[in-house]
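The next block holds one structure in the form of structure tokens; read it before the comments.
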Amino acid sequence: MRAGLALQRAGWICGGCNAGYPVLGDIPWLFADPQSMRAQWRGRLQFLVLSIEREVRTLRTELAGDLSVLARQRLELLAAAYEDHARRLTQMLTPLDFAATNTGYETHLACGPGCQLIRD
């Protein structure tokens with residue numbers, strides 16, 4: 001008889017091999033290497049938020065220039081939408097513990113999307 005996954009206090013545990021799979025929020029992380037995958041997701045989320053923040057700074061700089069009323073309104077709405085998007089993503093992915101990362105934008109660029117700089 002094969003043992004299946006059982007929900008334990010620390011997450012899901014495989015009865016056959018004792019592999020552990022954490023639960024983040026209400027979602028079990030059933031990856032071959034869940035800690036590595038969690039680190040990748042953290043890094044990707046951080047890079048996305050840093051990219052959005054960089055774009056907002058660019059828009060705010062452009063707003064300091066001489067613009068028509070409509071162009072100014074469009075850029076203000078776009079900057080506000082970007083900020084709201086970053087806030088919602090961060091809130092939705094809170095279980096990833098995004099605050100535990102501190103890699104800079106340039107490091108993410110140099111390392112690439114598959115980079116695993118952050119470890120639990």
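Considering only residues that are surrounded by 14 or more Cβ atoms within 10 Å (Cβ to Cβ) and either touching a residue at least 40 places away in the same chain (Cβ under 8 Å) or not small (Gly, Ala, Ser) (or both), which ones fall in the stretch 6-16? Result: TRP12, ILE13, CYS14. Considering LEU70, LEU45, the condition of being without any contact (Cβ under 8 Å) to a residue 12 or more places away in the chain and either touching a Phe, Trp or Tyr at 6+ places or on another chain (Cβ under 7 Å) or not β-branched (Val, Ile, Thr) (or both) is satisfied by LEU70 alone. In the stretch 90-120, the qualifying residues are those that are of a type in the set (A, V, I, L, M) and surrounded by fewer than 15 Cβ atoms within 10 Å (Cβ to Cβ), and the one that is modelled with the highest pLDDT is MET92. The residues in the stretch 17-39 that are surrounded by 15 or more Cβ atoms within 10 Å (Cβ to Cβ) and among the hydroxyl-bearing types (Ser, Thr, Tyr) can be counted, and the count is 1.
The values are calculated or read from the model by the stated rules, or taken from the named source; none is laboratory data. Since we're looking at a predicted model, the values are computed, not measured. A quick note on method: Cβ atoms are made from the backbone with ideal geometry, for glycine too, and the neighbour counts reach across all protein chains shown.
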